[in-house]
Amino acid sequence: MINFELDERLAADTLPIADLPLSRALLMNDARYPWVILVPRQATISEVFELSGDDQQQLWREATLLGEAMKTALKGDKVNIASLGNVVSQLHVHVVLRRHSDATWPAPVWGNGSPEPYDLDGQAQLRDQLLALIDGLDV
């Protein structure tokens, strides 16, 4: 995991949470959704298949366990897990908790409305909740 540098756009749009065994967990700065982005801490990786088999399994494990924990603890209706990379080529996986009452349900979160940045209290509260969830994961 040498020479890892976070893409500038990811850095601008997110807030750091913690490092998991493979990935850096980032909070998307959009208070409309509990939305974590996992970025494997490896240089120049843009596709899942560029990871070793073990790292592919680890990335999926981190995403699914985090999604399950978020759905349970934050009382969501659905978890969306996706890796797109059309705008930011650095490999990253979105883990988005959806609720029937959220701003764009049932449409995708991408391209719908404008992000609503967290205020400092909201950011701190969700970050603390996510840190506790991450600390409890068996990854």
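The values are calculated or read from the model by the stated rules, or taken from the named source; none is laboratory data. These numbers were taken from a predicted model, which means no experiment stands behind them. Virtual Cβ from ideal backbone geometry, glycine too; neighbours counted across all protein chains shown. For accessibility, only protein heavy atoms count, side chains too; no ligands or nucleic acids. Shrake-Rupley method; radii C 1.70, N 1.55, O 1.52, S 1.80 Å.
Going 7 Å from the Cα of LEU10 along its beta-carbon direction, which residues of segment 35-60 have the amide nitrogen within less than 17 Å of the resulting point?
Label zone hits: 35-52, 55-60.
Taking only C-alpha pairs under 8 Å that are 6+ residues apart, what is the relative contact order of segment 52-139 in percent? All intermediate terms of the calculation are to be shown ahead of the outcome.
Details: 68 pairs, mean separation 25.5, N = 88.
About 29 percent, as a whole number.
Using the heavy atoms of the protein chains and a 1.4 angstrom probe, tell me the accessible area per residue for the chain in square angstrom.
On the way: 7600 Å² over 139 residues.
That works out to 55 Å² for each residue.
Quote the charge dipole size of the chain about the Cα centre in Debye, to the nearest 20; the model charges only the Cβ of Lys and Arg (+1) and of Asp and Glu (-1).
In total the dipole reaches around 400 debye.
I'd like the accessible area for VAL109: 1.4 Å probe, protein heavy atoms, all chains in place, Å² to the nearest 10.
For VAL109, the solvent-accessible surface is approximately 10 Å².
For segment 1-94, which GluC sites (Glu not before Pro) pass both filters: DSSP loop (anything but H, G, I, E, B) and at most 15 other C-beta atoms within 10 Å?
Details: sites: GLU5, GLU8, GLU47, GLU50, GLU62, GLU68; in loops: GLU5, GLU47.
Taking segment 1-94 and a limit of 15 other Cβ atoms within 10 Å, the loop GluC sites (Glu not before Pro) found are GLU5, GLU47.
Once label points are set 7 Å from the Cα along Cα→Cβ at both SER89 and ASP135, what is their separation, rounded to one decimal in nm?
Those two pseudo-labels are separated by 3.9 nm.
THR104 label point, 7 Å along Cα→Cβ, cut-off 17 Å on backbone N: hits in segment 18-62?
27-38
Could I get the Rg over Rh figure for the chain? Both from C-alpha atoms, Rh via Kirkwood, rounded to two places. Spell out each step's value before the answer.
Numbers: Rg = 14.2 Å, Rh = 15.2 Å.
Reported Rg/Rh (Cα atoms, Kirkwood Rh): 0.93.
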